[in-house]
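Asks: Here it is, the structure, as structure tokens.
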Ligand SMILES: O=C[C@H](O)[C@H](O)COP(=O)(O)O
Ligand SMILES: C=C(OP(=O)(O)O)C(=O)O
């Protein structure tokens, strides 16, 4: 792929027009010359992902928008450089693969698997500064910007961290590519992990039937001689919030054949609730790149605002280009979502509707930990399904913050985490994540919702034939 700064109109626009708009949530880099030098180096670095892969994901997201597939997007709230370890990456991948198998069987639809991984190193924050004991320092904005330690040195935004973000993304992506093609993702192995989870889960009885059906389906395929081709690899994409525009612009490349610009830092990028101002720099930048794009929508989002986002980001109305991730909160989703869905239906716009049941349900526990109740998470998902059922639209999937580790950050779940457990393993760099078993609880409960929706006891005979991996 060519560099965005080459003599190409698409490249010039992607590299520059956003600079004339206000950019929210950007670090206050103290050394602009240093930033310039890092950005120049990054603009010469190889892309992390390729245009053809982004186009494949765009087609998959078009299937989601048409109701023919389901998105499963998940990973850390904030990845950290220290946790670029085999164990941590493998744990998240394993969790997502396990969830995907359960959902594939229940929804009888292909599951589009997208990690919040290999680039989720920058965070928008509620406040620019943090005060402790009378000392005020810049807030931690993710490892791509500064360090979490409460010292002036750590909190100083350091452009070298953008280079580290690129390197850690590359390391993570490399391992993901190896694991998803090298045998780790084998469907039978993933199913065996799920059987282990069901056997040990306090809610195991409830999940047993689905696990047995998957077992029988695998045995049936084996008996028919359907073979194992395609079942030992998985298609997996990566995504992150496209927050730091200097970094995203530096990694933008133009595809010579099509003259389209792609943000090559990840396959899909999303624009956060705090940076989706229609006149702001983020919308301007992402209107100039061809990746599939998602936008987060909070409880105050109006239908005209969503139409504005559609006009700016998807003027050609191409299914797969735009995914709307609603994070209204369990208490608001049933009020907020119907108006938005009805408006887009009336306009004939096809987008993917996805539920983020995490960000609208954050509370502070008595111990001071930021947490989320598993029941509230499930209630928001249920509300999301109810609205789509009532309007005849497709509940296109789920976007969750999770980890493969046994952390104690969200309360509830089958292996119940109680408020008094929060301090045991509270390891997140920002917001609380579902742990491994809570994530699988969510997958099995979500599977029930997909199954109820189709009113079937098993896969429909006319379900689209697509690789389940
Ligand atoms: O993940 C979302 C936001 O970055 C996060 O909720 C911000 O947290 P804060 O309100 O502590 O700044
Ligand atoms: C910041 C995030 O979400 P939102 O923009 O929805 O608050 C996030 O997903 O990390």
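Each reported figure results from applying straightforward, stated rules to the coordinates on display, with no laboratory input. As the structure is a computational prediction, the values presented were derived from the model and not from experiment. Neighbour counts run over all protein chains shown; Cβ positions are idealised from the backbone, glycine included.
Asks: Only Cα pairs under 8 Å and at least 6 apart count here; give the relative contact order of the chain as a rounded whole percent. Before the final figure, lay out each step's value.
Replies: Numbers: 940 pairs, mean separation 111.5, N = 469.
Normalised by residue count, the contact order of the chain is 24 percent.
Asks: Continuing with this model, one more query. Could you give me the percent of Cα pairs per 5 Å distance bin for segment 199-253, shortest bin first, beginning at zero and ending with the bin that holds the maximum distance?
Replies: 4, 13, 12, 11, 10, 12, 10, 6, 9, 12, 2
Asks: Can you tell me the 0 to 90 degree angle between the C-alpha axis of helix 436-454 and the longest principal axis of the chain, rounded to 10?
Replies: Approximately 60 degrees, to the nearest ten.
Asks: Run the paramagnetic zone check for residue 391: 7 angstrom along Cα to Cβ, then residues of segment 56-70 with backbone nitrogen under 16 Å.
Replies: It comes to 65-67, nothing else.
Asks: Here's a follow-up. For a Förster distance of 56 Å, can you work out the FRET efficiency between the beta-carbons of residue 136 and residue 59, rounded to the nearest 0.05? Show your work: numbers first, answer last.
Replies: Numbers: r = 49 Å, r/R0 = 0.87.
Result of the calculation: an efficiency of 0.70.
Asks: Treating the chain as a set of equal point scatterers at the Cα positions, no solvent, please give the Debye-formula log₁₀ I(q)/I(0) at q = 0.06, 0.10, 0.13 Å⁻¹.
Replies: -0.25, -0.71, -1.25
Asks: Per 0.36 nm of contour for each residue apart, how much would the distance between residue 37 and residue 68 grow if the chain were fully extended, relative to their Cα-Cα spacing?
Replies: Numbers: separation 31, 0.36 × 31 = 11.16 nm, distance 4.54 nm.
Here the segment from residue 37 to residue 68 would lengthen by 6.6 nm.
Asks: If one takes the longest principal axis of the Cα atoms in the chain, at what angle in degrees, from 0 to 90 and to the nearest 10, does the Cα axis of helix 160-181 lie?
Replies: Roughly 20 degrees, rounded to the nearest 10.
Asks: Each label point is 7 Å from the Cα along the Cα-to-Cβ direction; what then is the distance between the points at residue 174 and residue 362, in nm?
Replies: The answer from the label model is 3.3 nm.
Asks: Next up: With a 10 Å radius around each residue's Cβ, average the other Cβ atoms per peptide and rank 405-414, 289-298, 188-197, highest first.
Replies: Working: 405-414: 21.7, 289-298: 24.2, 188-197: 16.9.
Descending mean neighbour count gives 289-298, 405-414, 188-197.
Asks: Using a 10 Å cut-off on Cβ atoms, rank the peptides 355-361, 151-157, 201-207 from the highest mean neighbour count down.
Replies: On the way: 355-361: 25.7, 151-157: 14.0, 201-207: 15.7.
Ranking the peptides 355-361, 151-157, 201-207 by packing returns 355-361, 201-207, 151-157.
Asks: Going by how many other beta carbons lie within 10 Å of each one, how would you line up 29, 270, fewest first?
Replies: Numbers: 29 18, 270 27.
With the sparsest Cβ surroundings first, the list reads 29, 270.
Asks: Any idea how far apart residue 375 and residue 82 come out in nm if each label point goes 7 Å out from Cα toward Cβ?
Replies: 3.4 nm
Asks: Moving to a separate point now. For helix 303-313, report the angle its Cα long axis makes with the longest principal axis of the Cα atoms of the chain; keep it between 0 and 90° and round to the nearest 10°.
Replies: So the helix axis and the longest Cα principal axis differ by about 70 degrees.
Asks: Oh, and also: Pairs of alpha-carbon atoms within less than 8 angstrom and 6+ residues apart define the contacts here; what relative contact order does segment 289-380 have, in percent?
Replies: Numbers: 124 pairs, mean separation 27.7, N = 92.
Relative contact order of segment 289-380: 30 percent.
Asks: Across segment 1-100, what fraction of all alpha-carbon pairs, as a whole percent, falls in each successive 5 Å bin from zero upward?
Replies: Computed distribution, short to long bins: 2, 8, 9, 14, 18, 17, 16, 11, 4, 0.
Asks: Next question, about the same structure. I need two numbers for segment 309-415: Rg to one decimal and Dmax as a whole number, Cα atoms only, in Å.
Replies: Computed over the Cα atoms of segment 309-415, radius of gyration and Dmax are 15.7, 50 Å.
Asks: Can you give me the Kirkwood hydrodynamic radius for segment 281-370, using every pair of distinct Cα atoms, in Å to one decimal? Don't skip to the end; give the middle numbers.
Replies: Details: mean 1/r = 0.0710 Å⁻¹.
It is 14.1 Å.
Asks: If you don't mind, another one. Relative contact order (percent) for segment 218-364, with alpha-carbon contacts under 8 angstrom and 6 or more residues of separation? Can you show the working numbers first?
Replies: On the way: 209 pairs, mean separation 25.6, N = 147.
Worked out over segment 218-364, it gives 17 percent.
Asks: Can you pull the one-decimal nm distance between simple spin-label points at residue 331 and residue 453, each 7 Å off the Cα toward Cβ?
Replies: Distance between label points: 2.7 nm.
Asks: So, one more: What is the calculated FRET efficiency for residue 215 to residue 167, with r their C-beta to C-beta distance and R₀ = 51 Å, to the nearest 0.05? Don't skip to the answer; put the middle values down first.
Replies: Values: r = 42 Å, r/R0 = 0.82.
Efficiency at R0 = 51 Å is approximately 0.75.
Asks: With all pairs of different alpha carbon atoms counted, what Kirkwood hydrodynamic radius in Å does segment 209-321 show?
Replies: 17.0 Å
Asks: With runs of 4+ DSSP H residues as the only contributors, calculate the mean residue ellipticity of the chain at 222 nm using -39,500 (n - 2.57) per run, divided by the residue total and rounded to the nearest 500. Mind showing how you got there, number by number?
Replies: Values: 14 runs with 191 residues, N = 469.
Calculated mean residue ellipticity at 222 nm is -13000 deg cm²/dmol.
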